[in-house]
């Protein structure tokens with residue numbers, strides 16, 4: 001629920017078309033912002049730190065009989081009585097899917113937030129696409145675009161977002177194959193059982209997921225008092241509170257309990273869980289997800 005005047009009515013077919021046109025108008029600006037966030041927060045991406053075919057030097061090691069003589073680094077070998085081989089770092093492309101929640105609840109923006117949850121989610125999605133594309137990863141969006149390896153993958157994704165007539169509120173994740181990764185960006189306000197039922201099959205296929213919760217500070221703190229009418233953006237259901245402050249304590253407890261339960265579930269699956277508030281920098285979440293994708297196991301990295 002959100003106070004009247006800060007949210008939209010349930011989305012109809014005509015509303016969906018209007019929203020698609022609105023999204024098309026601001027996606028180019030979001031792409032520019034995403035690139036700014038990437039350049040500010042981090043340069044490059046996580047290395048694989050594994051010997052293999054690539055251009056980046058990794059290590060020298062002693063020559064083993066039977067290896068091709070062309071692999072010997074004669075300059076390094078000339079320094080002492082040993083023969084050394086030059087190994088490069090493994091640079092095999094990894095498939096990463098990125099998805100940002102298009103649900104009506106993501107349109108919410110309180111007076112204390114600089115952007116809506118939807119805008120923040122799309123900036124994070126495009127920033128991740130830009131960052132991953134720079135390191136040669138294969139990037140895709142379930143239900144929108146297949147994975148592609150290209151330096152301009154973020155730009156391609158932005159173009160498809162701008163021209164999409166409608167985005168699925170819950171895409172089919174069967175396309176996310178074994179050993180790939182996925183970043184799911186949402187407010188995660190749906191019932192936990194529904195969220196877990198949707199995402200749990202990923203763990204069974206060996207998919208590593210990174211959950212990014214986008215939260216408006218007003219949704220978390222519930223700063224309302226006096227007579228207030230709330231409207232559900234999904235169903236249109238209304239609730240009028242004579243003294244809204246009487247609901248504050250129970251609301252905050254339920255809101256935080258939902259987050260704690262979902263983040264604990266993610267940890268058990270070795271997935272990461274990051275919280276980014278819309279009154280904070282997007283780069284904070286980008287760095288947290290970056291670190292999580294670089295680690296061998298998922299760790300919870302809550303936002304500040």
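Tabulated results
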{"read-out": "Filtered residues of region 153-184 (kept if under 26 Å from residue 28 (Cα atoms) and in a loop (DSSP other than H, G, I, E, B))", "value": "164, 165, 166, 167, 168, 169, 170, 171"}
{"read-out": "All strands (runs of 3 or more DSSP E) inside region 65-152 with 2 or more residues being at pLDDT 95 or above and in contact with a strand residue (DSSP E or B) (Cβ under 9 Å, 6 or more places away or on another chain)", "value": "95-100, 138-141"}
{"read-out": "Selection count, region 153-175, where residues are at pLDDT below 95, crowded, with 18+ Cβ neighbours inside 10 Å and over 14 Å from residue 129 (Cα atoms)", "value": "2"}
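The values are calculated or read from the model by the stated rules, or taken from the named source; none is laboratory data. Computed from a predicted model, the values in this text were never measured in an experiment. Because the Cβ atoms are built from the backbone with ideal geometry, glycine has one as well, and the counts that use them run over all protein chains shown.
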